[in-house]
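Peer 1: What follows is a structure written as structure tokens; I'll ask about it next.
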Amino acid sequence: MEKIIFQIINLIGEKEKILFPEILENLADYYPLKEVVKTLNKLAKDKLITNEDSYLILMEKGKAVYLKNKTSLKAKLCEYCLGKRVVISEEFKPILEKFSVLVQERPAPIVEYIQGYMKEEDVIRRVIFMHSYNDLKDKDIIIIGDDDLLSIALALTKLPKRIVVLDIDDRIVNFLKEISRKENLNVEVWKYNIKEPFPKKLRRKFDLFSCEPLETYSGLKLFIGRGINALKKNGIGYFGLTIQEASYPKWRYVQQLILKANGVITDVIKGFSSYPVNSYSSFNCEEVLLKRLKLNLTYSQSDIAWYKSTMVRFEILGEPKNLIAPDKKYPLVFKDEEEDITIP
């Protein structure tokens with residue numbers, strides 16, 4: 001049997017019954033969602049699993065497989081940092097509290113731009129991680145797409161010298177401008193579409209860029225490529241990449257992009273960012289996935305943040321090499337019809 005089959009059967013067997021989002025959360029850093037759905041459908045067809053309302057349970061055949069393969073040795077993440085390497089220290093707790101208040105009226109994610117924001121705690125953890133590398137103090141930082149509102153969290157530290165946000169969404173542009181004005185935050189906001197030529201005033205002006213790219217091949221190249229357009233000599237890049245909707249061939253492609261840009265990956269932390277997708281008011285990713293299952297599972301109404309992203313950090317060795325020409329326009333595919341299966 002495939003590894004994923006054993007993992008799913010073991011997850012259910014250990015708890016006797018388990019919610020669908022718990023399965024997704026536990027497998028988030030290992031398999032694309034399309035494989036998880038395909039495997040659950042196969043297990044149901046082969047009469048190894050079934051469901052009771054919102055819960056998955058083992059049938060007799062599945063219980064036999066579980067008992068045959070169970071082990072007393074359990075693998076666990078660090079319960080303190082949850083595998084993220086950084087914790088929210090006392091010095092950063094007031095920043096988290098302030099940030100959480102400021103983002104309460106944020107615009108809801110919309111499908112048109114494939115949006116989705118991460119948990120506030122994980123935004124602050126990214127800030128802390130950046131600070132641990134001395135990537136913030138007196139640095140010029142550009143953020144390409146900011147539905148996570150990372151720019152606000154960075155500005156609250158008062159560490160960066162300059163923070164610029166580029167975003168296509170008028171709602172986010174206006175929200176960031178209003179928050180920055182009210183709170184006197186050092187954030188410049190530009191409306192920008194990454195398909196368009198990169199603004200001349202922003203080329204080779206920044207020490208660091210951060211983005212959460214669209215996970216199509218063109219999306220990955222354009223988001224990271226525009227970040228490279230912005231970087232100075234020895235610049236730094238941060239971005240998120242999922243397993244759930246970006247299979248390993250895309251990871252290899254991203255590695256190749258970074259090498260071509262004269263960069264080296266310094267950190268890859270799986271599961272660093274969690275997304276509260278079941279709490280978005282505009283659409284519900286769990287309900288979208290349930291339609292693909294050949295089980296009669298009902299919506300869990302769970303607040304489990306089962307959608308996760310890996311945080312990647314890289315450094316440019318000397319002068320950056322452009323992946324895309326800064327003065328050219330490029331086509332962009334928003335959705336991978338095979339892998340982007342949480343989008344309504």
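Nothing in this text is a laboratory measurement; each read-out follows from the coordinates by a stated rule. All values derive from a computational prediction rather than experimental measurement. Cβ: placed from backbone, ideal geometry, glycine included. Neighbour counts: every protein chain shown.
Peer 1: Given the pairs K182/K329; K250/K308; K177/K260, which span a C-alpha to C-alpha distance of over 24 angstrom in this model?
Peer 2: Numbers: K182/K329 35 Å; K250/K308 16 Å; K177/K260 35 Å.
Over 24 Å Cα-Cα: K182/K329; K177/K260.
Peer 1: So what's the back-of-envelope 222 nm ellipticity for the chain, counting only DSSP H runs of four-plus at -39500 (n - 2.57) apiece and dividing by all residues, rounded to 500?
Peer 2: Rounded to the nearest 500, the figure is -11000 deg cm²/dmol.
Peer 1: Quick one: net charge of P109's neighbours, Cβ under 11 Å, K/R +1, D/E -1? It would help to have the intermediate numbers written out before the result.
Peer 2: Numbers: positive: R106, R171; negative: E112, D147, D148, D169.
Around P109, the surrounding residues sum to -2.
Peer 1: Still on this structure, I have one more. For V189, V268, V101, what's the fewest-to-most ordering of other Cβ within 10 Å of each Cβ?
Peer 2: V101, V268, V189
Peer 1: Could you state the orientation-averaged shadow area of the convex hull built on the Cα atoms of the stretch 244-344, in nm² to one decimal?
Peer 2: 8.8
Peer 1: Net charge near D147, counting Lys/Arg +1 and Asp/Glu -1 over other residues with Cβ under 10 Å of its Cβ?
Peer 2: Charge balance near D147 sits at -3.
Peer 1: What's the FRET efficiency of K161 with K42 using the Cβ-Cβ distance as r and R₀ = 45 Å, to the nearest 0.05? Walk me through the numbers on the way to the answer.
Peer 2: Values: r = 54 Å, r/R0 = 1.20.
The value I calculate is 0.25.
Peer 1: Right, here's the next one. Rank S273, I243, L56 by how far each Cα sits towards the positive end of the charge dipole of the chain (+1 on Lys, Arg Cβ; -1 on Asp, Glu Cβ) and give me just the farthest.
Peer 2: The residue sitting farthest along the positive end of the dipole is I243.
Peer 1: If the chain between S89 and K61 were fully stretched, how many nm would it gain, using 0.36 nm times the residue separation less the Cα-Cα distance?
Peer 2: Computed gain between S89 and K61 is 5.3 nm.
Peer 1: Remind me, what semi-axes does the chain give for its equivalent ellipsoid, largest first in whole Å, using sqrt of 5 times each Cα gyration tensor eigenvalue? Could the numbers behind the result be given before it?
Peer 2: Numbers: eigenvalues 277, 89, 76 Å².
In descending order the semi-axes read 37, 21, 20 Å.
Peer 1: Let's test the formula: R0 of 51 Å, r as the Cβ-Cβ distance of K15 and E178. What FRET efficiency results, to the nearest 0.05? Numbers along the way, then the final one.
Peer 2: Numbers: r = 45 Å, r/R0 = 0.88.
According to the calculation, E is roughly 0.70.
Peer 1: Could you give the distance between the Cα centres of the stretch 180-226 and the stretch 273-319, to the whole Å?
Peer 2: Cα centroid of the stretch 180-226 versus Cα centroid of the stretch 273-319: 23 Å apart.
Peer 1: What translational diffusion coefficient, in µm²/s and rounded to a whole number, does the Stokes-Einstein relation yield for the stretch 63-148 at 10 °C and a viscosity of 1.306 mPa s, taking the hydrodynamic radius as the Kirkwood radius over Cα pairs?
Peer 2: 97
Peer 1: Which pairs in the list K195/K270; K34/K195; K161/K270; K139/K205; K161/K205 are over 21 Å apart, alpha-carbon to alpha-carbon?
Peer 2: Violating the 21 Å Cα-Cα cut-off are K195/K270; K34/K195; K161/K270.
Peer 1: Using alpha carbons only, what's the Rg to Rh ratio of the stretch 120-219 with Rh from Kirkwood?
Peer 2: With Rg and the Kirkwood Rh in hand, the quotient comes to 0.94.
Peer 1: With the calculation restricted to Cα positions, what are the radius of gyration and Dmax of the stretch 3-69 in angstrom?
Peer 2: 10.7, 29
Peer 1: Calculate the length of the line joining the C-alpha centroid of the stretch 106-144 to that of the stretch 2-61, in whole Å.
Peer 2: If we compute the Cα centre of each part, the gap is 32 Å.
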